[in-house]
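A short reminder: the numbers here are calculations on the coordinates, not readings from a lab. It should be emphasised that the depicted structure is a prediction, and the values quoted were computed from it without experimental measurement.
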Amino acid sequence: MPNSTSSNHPNVNNKNGKVQGLSHRDSLTVRDNRTGQEYELPIVDGTVKATDLRQIKTGDSDFGIMTYDPAFMNTASCRSAVTYLDGENGVLEYRGYPIEQLAEHSSFLEVSFLLIHGRLPSQSELAAWIHDITHHTFVHENTKDFMKGFRYDAHPMGMLASSVAALSTFYPEAARIDDPDVRMAQVVRMIAKMPTLAAFAYRHNQGQPYVYPDNELSYAGNFLGMMFKMSELKYQPDPRIERALDVLFILHADHEQNCSTSAVRAVGSSQVDPYSATAAGVAALYGPLHGGANEAVLRMLRRIERAENVPAFIEGVKSGKERLMGFGHRVYKNYDPRARIIKGACDDVFAVTGVSPLLRIAQELEKTALEDEYFVSRKLYPNVDFYSGLIYEALGLPAAMFPVLFAIGRAPGWMAQWLEMIQDGEQKIARPRQIYTGARGLQYPGA
Ligand code: ACO
C-alpha cells in the first residue's frame, strides 16, 4: 500500500502504510478506484499537501493526480502569521490584535510597524519609525516630471501603479532582496512615498500643482495637505477628519491572502524588487471586484434616491434584478468588523462635512436587509465598502480616488506579506499547473 512520499514532510513513512507521529485521525485515506490502491495522506493544520497527491498514478507514465482549484477557492498558498481572519464569526486580527482595539487605540503608523515587525513598538521605536517614514515622504523630482507626462484625465490608479513600478528605477539597490537592511529601507520608502504619489495623481487630475510633503504633519494630515492645500501658507487638517482617515487606513492595512496580496506574493516570488511586486498589487486593486465596490455602492444609493424607495429596491434584489452592493463577502458570513468601525467613523466625518443625504438611504437599506429573511438566510451583511465610499465622497474625493486610498492603507500589509514570503523556506517561484484543453500536434501549413 503506497503512502504519502512528501519529501519535506517530517511525519511520513511510506514503508508500512503508517504515518509516523500521526494517528490515523490525522490522516486522510484515499482509494483510487482506477487501480484499487489506497493512500494515506497526512493532514497537517487541516490541510493535505497537493503534491502528496502526485504519487496517485495509474502507471509509470502517469503524471499523478493534481488538484483543480480555479480562483483558489479552497487552497492555502502559504503559512502566514500576519493576519487572522474568521469569516464565520466576523473576527479580524493583525498579528493577534483585534482590529477593533487597533482602530480605537492605535495609529496607522504604529499598525504598520506591528504588521512589518510582528510586534508593537516601544515608545522610542515608534518615534524612530515615525521619523523614518516622515523623512522618506519626498520623491525624486524626476518622479514629478514623469507623472506630469500622463494625460490630464489619466485615472489616478493607473498613475499610481506606474509610478510605484517606476520607483524601482530610482532605487536599483532594491533588487538586493536578500539583504535585510536593503529590504527594510524599501519597506520604509514604500509606506512613506505611497501618499505622495497618490496625492500627485489626484492633483494631476484636478489640473493643480503638486504639493510637496509637510514633515510637521501626521501621516494622514500630510496626505490631506498634499491633496487639498491651496494658497494658504500652512495647511491645518481638521483633527476629526485626520483621525477618521487614519482609522480607514488601519482598517485596510491587511486582509490576508486577498487578490492584490496574492498578486504581490506571486510576482515577488520571482525575486523581483518590491516596487515591481507592489505595482502588481496596485494593479489588482484597480479592478472593480476588489478596490472598486465602494464606488458601486454610491451609484446604487444615488439610484435609490430616497429612503422611501428602499423597500422596492430590496424587492428588486430579492427577485434577482439587482445586487445589494456593499453587502456579502466571500469570507465573512457575519458582520464585517471593519464595516462596523467605518460606520462610527462616518459620524465623525459628517460632523465636520455635514451629513450626506445618501447616509439615510444607506442606513435604511442596512436595517431593512438585516431584518429580511433573504439576507439573513444567506448570511449577507454589510462589508467594508458599504460605508467607506460615503466617507471618501464627504471628503470631496472623486470615485476614481477611492481605490487609491485603499492602496495607501494596504501598503504595509503588502510589505509584511512580501517580507514573510521571501523569508519562507517553503516558498518557490509561484507557478500553477493547468489542465490543457487545446489542440495538439497540428501541422503548420507547408511544414
Ligand atoms: N445582493 C444580493 N444577493 C447577494 C449578494 C448581494 N450583495 N451577495 C450574495 N448574494 C446572494 C447570491 O445571489 C447567492 O444567492 P443564491 O444562493 O440564491 O444563488 C448567495 O447570496 C451567495 O452569493 P455568492 O455570489 O455565491 O457569494 P460569493 O462569495 O461568490 O460573492 C461577493 C461574494 C462577490 C462579495 C458578493 O456578495 C457580492 O457581489 N457582493 C456585492 C459586491 C460587493 O459589495 N463587493 C465588495 C466585497 S468586499 C471587498 O472586496 C473589499
Original post:
What is segment 352-436's relative contact order, in percent, from Cα pairs under 8 angstrom and six or more apart in sequence?
Top reply: 21 percent
Original post:
So what J values fall out for segment 83-94 if you push phi through Karplus, 6.51 cos²θ - 1.76 cosθ + 1.60 with θ = phi - 60°, rounded to Hz, Gly and Pro as x?
Top reply: 10, 9, 9, 10, x, 5, 9, x, 10, 9, 10, 9
Subject >> Nearby lysines by direct alpha-carbon distance to K57 (threshold 27 angstrom, same-chain neighbours under 8 apart not counted) >> reply: K15, K18, K49, K428
Original post:
Which value at 222 nm does the chain reach when only helices count, each DSSP H run of 4 or more adding -39,500 (n - 2.57), with the total divided by all residues and rounded to the nearest 500 deg cm²/dmol?
Top reply: -15000 deg cm²/dmol
Subject >> segment 295-382: C-alpha gyration tensor shape, a/c 1.5 cut-off, then a/b vs b/c >> reply: oblate
Original post:
Can you give me the Cα centroid spacing of segment 42-95 and segment 237-289 in angstrom?
Top reply: 24 Å
Original post:
For H329, which sequence-distant residues (separation of 5 or more, or a different chain) have an amide H within less than 5 Å of its own amide H, given hydrogens modelled in the peptide plane?
Top reply: Y381
**OP:** Give a residue-ordered list of calculated ³J(HN,Hα) values for segment 131-147 (Karplus: 6.51 cos²θ - 1.76 cosθ + 1.60, θ = phi - 60°; whole Hz; x for Gly, Pro).
**Re:** 4, 4, 4, 4, 8, 10, 6, 6, 10, 4, 4, 4, 4, 4, 4, 4, 5
